[in-house]
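In what follows, a structure is listed as structure tokens, so that the remarks can point back to it.
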């Protein structure tokens, strides 16, 4: 006969591979149940024993699973030995012992046999069949592209299209396992060699079971207390429908919302929900992503843009046994809870909780616990969350006392800021109706009663995961990607498709019979204060030598009036008043000291008045903008690097436009010599954090990071998070895989997408109209693939770490943003990405490990070893004739940016003999500007005439032979021709680059007025020195030429110059 059995236990083993003789490892058996059937599938008998505890108690967290308390076990149990003797007597008569994950149950019973000093070998050596591993190929469920073992529920759904009634009751599980096992025999779902049945036995079995196997129908006792009212769902739905007929439309606010930063689970875009909330008249909206705050800053910006109050929150995971315990899966995800920041203090506490969850509590999920919740409770509003919340779980387990105890705990800690959350995801799908809507309906009724009894208000939410009702299918696809399941898999995780961002009208009708649940959303929104996340720059302190000056000494030396006179009243106020400005004054004076000391070395023989004026202007701008500390910090770690054998690049980014940076050795390219503009780095008309990109050799980068971390503190330095999104091609392939579209078809569709930067479906359809036609393909899988791929394009897929971005804070970073661990490193990573870290006032640096510098370092080391010579890269001349000869011959293989065949051809034509030629060629050799290269070469060699529209333009276009190559050239010309300020010219650059038409139109009027008011502009027109004599027409031509320039992207010469500094050494 077949014996099918199952056990319930006191928990899980610490080590799943431990021998059964390790009695300390294997948990105790609480329940043992089995059924026996003959080889034709006929039911013989069933037995079910609860075990009397012998010297142990059953843990509460396990009771929540199977419902058997220590008291129940004493009341209903029999002695362990008696149960084992009964079981083993039937095992000895059986052809096979069968179970789902049967090895676990054999180990449990086997260990109990050893504890009872009974023979375990009969059980251990008995022939056995595991319906879990045996049905793997039949179920064909995948995870990560590989077949996975099905759970009993998944196997039951595969065979019978529905889940079974009760799990985690040994008798119920045996009933389901028996049915599944017999049905697997009937439909050929188990390998024949596993069954060891003859053809005659199989034929007899199938003849005896011509139809789907039915449940035996054994009556067993459920140990889970049913506290639900016996009310049919149809009656509940009737009440809702009747109330909705006469429902008023009440104001409503969504307080439980998942964006795409609930990665591969939420599909809401932050901008979309903010815009929809505004359109629907919702005064506020919350963000509550799973376990993290990745999207909070983006959401905050979107809400401000739409004039909707942002409510910042998180759906946290609360570990029952403490967030530090990570020894088994019991607490792997914890209970869900919604936490909302009531004010800025609450936001800061959310930062602490979320960061701790990731750095200390991460175990499958980022987890906190109640001790942390109580510690960081100030300023936080709590709602009880979904069916995964602690209160709902206790209710579903029938433990009303625990539910009340939980509610009382939260009420004690959070007072009137604790609410019980109601959801209604009405659904007619049999599985979803039972697993989701039926449980919601029952839990809601209990929550309403408990709320009245304990004085806690209820609140309506919708657990929104996508924006519009029609987005449900695309969201379903996203969940399939997240769980690694096929769309057709009946056992996959599914949402009810009711989780869209519903309108006030839809929510008012859904909760028309419980109006207070809607009204309380407004009560919560009214409690929440609006607060700003952006901040003025918060500079880390820099230790200035005491013999130069101290803060206290400067306070004695400078009173408020003196500083207001020096900084100007506006800057004084903007920088934060006397105490902060005193510190800035001290740092500015020290920076000035270092700058002039450096200028003596950089300009030993030609420190002209022009250079001095530039430095004075820069130092004053740096001071009044509040950034001298920034320069001191950067020069400190760069000079530390240079002094400690780390090879440092010449400095990239707009910082190379600062003469101050050049003097204090942050950069190594002279910005004055190469007309690099300081206002690209710091614009007095636009207060924003400076930006310095620093290259180190690969190994040295980590050493510099270690130095910075040691100097400023581990909690004040972090990497910057990035988000990987679903690109056009990958979204096609991902959706095709989920839909089981043939691989060749998926590849065909993906190959139709053009290879180009920043590609998207809109661009792809424009360039390849045939791809758009695939949306109407007669093959429904192809059409579906295109439809859902387009909807999911751009969805956040994973987090990453920025290759070079590093933050340095004055205070622990967790006071400003949420953080998380970095894989393989001690340094933390922010949860906000690089778009937002500077806006909240934090200092961002780019530390890039450059392989070229590593090669240089190795070469320099070899020269030292072989020749005994120390070569200083900074002193290699930029006008070396032999170097230019190599460029002119096109002998630039392995020289970065100059090694392509096309570039070599142009170099041979150009015959460069100036550093500026190489900078220009590097800028021109890219799509768009490339068409100007032939003219550039012809003009250099005098074979094509160089024409300037106006004599004032010549100084700025002379080095590029009359061709506008750089953004700086436009900026300088706008000043010379139209009298633009430094700030105006930088605004023009930005407007041109980003095609901001309104700004361009505004600046055009200013340019026209400036040109016409300038005699230096107008007089050459009158004297015939310009290409067009009428000033107004010439202005129009110049401006139109500039408007066309973004078509061929203008290049910033600063990185080109610094790059060429490296390349000239590479050659």
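FYI, it's all coordinate maths here, none of it is from the lab. Here the structure is a predicted model, which means the values were calculated and not measured. Don't worry about glycine lacking a Cβ; one is built from the backbone with ideal geometry, like all the others, and counts go over all protein chains shown.
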Check your understanding: Quick one: Cα convex hull volume of the stretch 551-691, Å³ per residue?
Key -> 119 Å³
Check your understanding: For the stretch 727-793, what's the relative contact order in percent, using C-alpha pairs closer than 8 Å and at least 6 residues apart?
Key -> 44 percent
Check your understanding: So what is the relative contact order for the stretch 852-979, in percent, with contacts set as C-alpha pairs under 8 Å and at least six apart?
Key -> 15 percent
Study note, to complete from the structure: Pseudo-spin-label distance residue 601 to residue 95, built 7 Å along Cα→Cβ, given in nm, is 9.0 nm
Exercise for review: Taking the chain as the reference, fit the longest principal axis to its C-alpha atoms, fit the long axis of helix 296-305 to the helix C-alpha atoms, and give the angle between the two in degrees, 0 to 90, nearest 10.
Suggested key: 70 degrees
Study note, to complete from the structure: Per the helix-only model, the chain has a calculated mean residue ellipticity at 222 nm (DSSP H runs of ≥4, -39500 (n - 2.57) each, divided over all residues, rounded to the nearest 500) of -14000 deg cm²/dmol
Review point. After finding the eigenvalues of the alpha carbon gyration tensor for the stretch 251-527, what semi-axes result from the square roots of 5 times each, listed largest first in whole Å?
Key: 24, 22, 21
Exercise for review: Rank the residues 178, 571 as a footprinting-exposure proxy: fewest other Cβ atoms within 10 Å of their Cβ go first.
Suggested key: 571, 178
Study note, to complete from the structure: Rounded to the nearest Å, the spacing of the alpha-carbon centers of the stretch 604-653 and the stretch 778-809 is 41 Å
Study note, to complete from the structure: Dividing the mean separation of Cα pairs under 8 Å (6+ apart) by the residue count of the chain yields a relative contact order in percent of 8 percent
**Study point:** Ranked packing of 236-249, 427-440, most packed first, by mean Cβ within 10 Å
**Key:** 427-440, 236-249
Practice item. Using the 2.2 N^0.38 Å rule of thumb for compact globular proteins, work out how the stretch 874-1066 stacks up: its C-alpha Rg over that value, please. Key: 1.11
Practice item. Please give, to one decimal in nm, the separation of the simple spin-label points placed at residue 54 and residue 811, each 7 Å out from Cα toward the Cβ. Key: 6.1 nm
Review point. Cα centroid distance between the stretch 123-191 and the stretch 476-511, in Å?
Key: 27 Å
Exercise for review: Set the Förster distance to 45 Å, then compute FRET efficiency between residue 926 and residue 133 from the Cβ-Cβ distance, nearest 0.05.
Suggested key: 0.20
Point to revise | Over the stretch 630-731, equivalent-ellipsoid semi-axes from the Cα gyration tensor in Å | key: 25, 22, 15
Revision key, fill the gap. Mean Cβ-within-10 Å packing, highest first, puts peptides 758-765, 103-110 in the order 103-110, 758-765
Check your understanding: What nm value, rounded to one decimal, do you get for the distance between residue 866 and residue 889 when each label is placed 7 Å out toward the C-beta?
Key -> 1.9 nm
Point to revise | Sorted by Cβ density within 10 Å, fewest first, the residues 814, 91 | key: 91, 814
Check your understanding: Does anyone have the angle between helix 438-454 and the longest principal axis of the chain? Alpha-carbon axes, 0 to 90°, nearest 10?
Key -> 80 degrees
Practice item. Starting from the Cα-Cα distance between residue 44 and residue 1036, subtract it from 0.36 nm times their residue separation and give me the gain in nm to one decimal. Key: 347.3 nm
Practice item. Express in whole angstrom the spacing between the alpha-carbon centres of the stretch 678-757 and the stretch 888-951. Key: 31 Å
Check your understanding: How much length is gained on full extension from residue 1013 to residue 215, taking 0.36 nm per residue of separation minus their Cα-Cα distance?
Key -> 277.7 nm
Check your understanding: What share of Cα pairs, in percent, lie more than 29 angstrom apart in the stretch 2-208?
Key -> 24 percent
Check your understanding: Given the Cα atoms of the stretch 262-354, and with Rh set as the inverse mean 1/r over their pairs in the Kirkwood sense, what is Rg to Rh to two decimals?
Key -> 1.05
Point to revise | 14 Å tail of the calculated P(r), the stretch 622-683, as % of Cα pairs | key: 55 percent
Point to revise | Stokes-Einstein translational diffusion, the stretch 1-62 - Kirkwood Rh over all Cα pairs, 0.692 mPa s, 37 °C, in µm²/s | key: 241 µm²/s
Practice item. Neighbouring Cβ atoms within 10 Å as the yardstick, rank 122, 288 fewest first. Key: 122, 288
